[in-house]
Amino acid sequence: MRGFLPACLLALLAACASRSQTDKSDWEMQHQGELVREAADAAPAPELPPYPRRENLTEFFVSSASDFRFFVDRSSIGVKDRVVRYVLVARSPSGVDNVSFEAINCAAGEYRIYARGHSDGTWTSRPGGWQKIVPRSVQRWHNALYAEFFCPAGVAIADAAEGARALERGANPLSAAPNSKGAVGNSPAF
């Protein structure tokens, strides 16, 4: 009996100490997206990535209603504090590339553009505010990246490798809305 009280105290201390940082109050759970946004806004702007190289681009399906083709530079994918950053390339039917460095806040379902790319391989950095990702049938590349690749069920991918695998497979296996076209893979059209 003499060892019982210290053992109970030790067990109680261990239980209190093991409380995970992921345990959150109801308020924190309800305002998770706002907290992530505030943390991302308070952090210094991310360093601009290298301009995308053709061999690093993976095409992903957006919509049969769009004539544009969409790619993500696999080497640019980064995940920090539940925010996924990446370089997007939207190629027009005439072959003109629209390049942007963007982020998706998975907790809030928002995207943000940090910089626009130019044909000479340079960036213009003009970070915009967070914009809500709204369901669309046309111009839905942010919807596709959010729901099918980078934020399945609103949860950020664990790391860049998971994002690259999802793009190569045509969808994240945890996605509730798998990409109907399947993996497009690396485009030999470059």
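Computed from the coordinates by the stated procedures, all read-outs in this text should not be read as laboratory data. Just so we're clear, the structure is a prediction, and the values are computed from it rather than from any experiment. Cβ placement follows ideal geometry from the backbone for every residue including glycine, while neighbour counts extend to all protein chains displayed.
Quick notes on this one:
- In this simple spin-label model, placing a label point 7 Å from the Cα along the Cα-to-Cβ direction at both residue 132 and residue 67 gives a separation of 3.2 nm.
- Applying both filters, DSSP loop and at most 12 other Cβ atoms within 10 Å, to the GluC sites (Glu not before Pro) of the range 45-100 gives 47.
- Loop-located trypsin sites (Lys or Arg not before Pro) in the range 74-154 (DSSP state not H, G, I, E or B) with no more than 14 neighbouring Cβ atoms inside 10 Å: 136.
- Shape analysis of the range 65-115 places it in the prolate category; the axes a ≥ b ≥ c from the Cα gyration tensor give an a/c of at least 1.5, with a/b above b/c.
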